[in-house]
Amino acid sequence: MTAQTDTTGPVTTVFKVSGMSCGHCEGAVSGEISRIPGVSSVTAVAKSGEVTVVSAAPVDDEAVRAAVDEAGFELAGRA
C-alpha cells in the first residue's frame, strides 16, 4: 500500500460579476464569498467586474453564485 500525499496548493478562480460599481460593492461581494468554506482570499475589482477567489480546493460555482446573489449582484460566470 502506498501513501498518497496532497501536494496541490491553493486554487485560484476568476469570476465575472455584473453590477459592481464602487468599493462598497467590492466589499459586499468579497465579504459574502469569503464566507464559503475553504476560501482563503477574495479580491473584487469593480472596474473590471472580476472577482478572484483563492481557495484550498476548487470552489463550487453555485456557492459563489449564491454568495454573489446575497450581496445583491449577478454572477456572469468564470472569466
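For residue 52, the requirement of being at pLDDT 95 or above, closer than 17 Å to residue 79 by Cβ and over 8 Å from the mean Cα position of the chain (by Cα) is not met. Every condition in (1) in a loop (DSSP other than H, G, I, E, B); (2) within 9 Å of the chain's Cα centre (by Cα) holds for residue 41 except the one numbered (1). Please indicate, with yes or no, whether at least one residue in the range 49-69 is of a type in the set (Ser, Thr, Tyr) and assigned to a strand (DSSP E or B). There is at least one residue in the range 49-69 that is of a type in the set (Ser, Thr, Tyr) and assigned to a strand (DSSP E or B). Annotation note: Cβ proximity below 6 Å between a residue of the range 53-66 that is within 21 Å of residue 9 (Cβ to Cβ) and a residue that is small (Gly, Ala, Ser) and at pLDDT 95 or above (sequence gap 6+ or interchain) occurs for 54/40; 54/41; 55/38; 56/38; 57/38.
The values are calculated or read from the model by the stated rules, or taken from the named source; none is laboratory data. These numbers were taken from a predicted model, which means no experiment stands behind them. Neighbour counts are summed over all protein chains in view; Cβ atoms, including those assigned to glycine, are modelled from backbone coordinates with ideal geometry.
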